[in-house]
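Okay, structure first, notes after.
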Amino acid sequence: MSGPINNIFEKLIKRYGIESEVRQHEALFIWEKVVGESIARHSKAKKISYGKLIVHVDSPVWRNELIFQKSEILNKINHLLKGTNITDIILR
């Protein structure tokens with residue numbers, strides 16, 4: 001979506017120097033796209049804290065699975081966010 005309001009929003013984000021923080025929060029909305037439907041059924045991206053994505057997982061088995069895939073998931077997220085850097089994924 002583009003338009004005058006969107007342009008104003010983008011200018012304010014740049015003016016206050018919070019582009020990176022705003023872009024990092026997009027990770028919450030692309031979680032399912034990154035990990036796929038099957039994993040997304042058992043996990044939920046909850047928040048961003050100091051560049052770290054906090055993810056709640058519904059079982060220890062799925063938590064272990066995500067631990068093995070963590071590096072790959074981080075790479076996919078950062079690639080999709082183009083220039084934004086999520087530094088870690090915290091699985092809870």
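Checked against the criteria, SER49 counts as modelled with pLDDT under 95, within 16 Å of LEU91 (Cβ to Cβ) and polar (S, T, N, Q). When we screen SER20, SER43 for residues that are touching a strand residue (DSSP E or B) at 6+ places or on another chain (Cβ under 9 Å) and not aromatic (Phe, Trp, Tyr), the only hit is SER43. Among residues of segment 9-29 that are surrounded by 12 or more Cβ atoms within 10 Å (Cβ to Cβ), those with a Cβ under 7 angstrom from a residue that is modelled with pLDDT under 80 and hydroxyl-bearing (Ser, Thr, Tyr), sequence gap 6+ or separate chain, pair up as SER20/THR84; ARG23/THR84; GLN24/THR84.
A Cβ distance below 8 Å, combined with a sequence gap of six or more or placement on separate chains, defines the contacts here; from segment 34-51, residues that are over 17 Å from GLU72 (Cα atoms) and touching a residue at least 24 places away in the same chain (Cβ under 8 Å) reach residues that are in a helix (DSSP H, G or I) and among the charged types (D, E, K, R) in the pairs ILE48/GLU21. Inspection of segment 54-61 identifies at least one residue that is part of a helix (DSSP H, G or I) and over 18 Å from GLU26 (Cα atoms). Restricting segment 70-89 to residues that are touching a helix residue (DSSP H, G or I) at 6+ places or on another chain (Cβ under 8 Å) and assigned to a helix (DSSP H, G or I), the residue that is surrounded by the most Cβ atoms within 10 Å (Cβ to Cβ) is ILE77. Scanning segment 1-41 for residues that are at pLDDT 80 or above, farther than 17 Å from LEU80 by Cβ and not in a helix (DSSP H, G or I) yields a count of 1. Pairing each residue of segment 64-92 that is under 18 Å from GLU26 (Cβ atoms) with any residue that is surrounded by fewer than 12 Cβ atoms within 10 Å (Cβ to Cβ) and not charged (D, E, K, R), provided the two are 6+ apart or on different chains, yields C-beta distances under 9 Å for LEU74/THR87; THR87/TYR50; ILE90/SER49.
The values are calculated or read from the model by the stated rules, or taken from the named source; none is laboratory data. All values derive from a computational prediction rather than experimental measurement. Cβ sites come from the backbone with ideal geometry, for glycine too, and all protein chains shown count toward neighbours.
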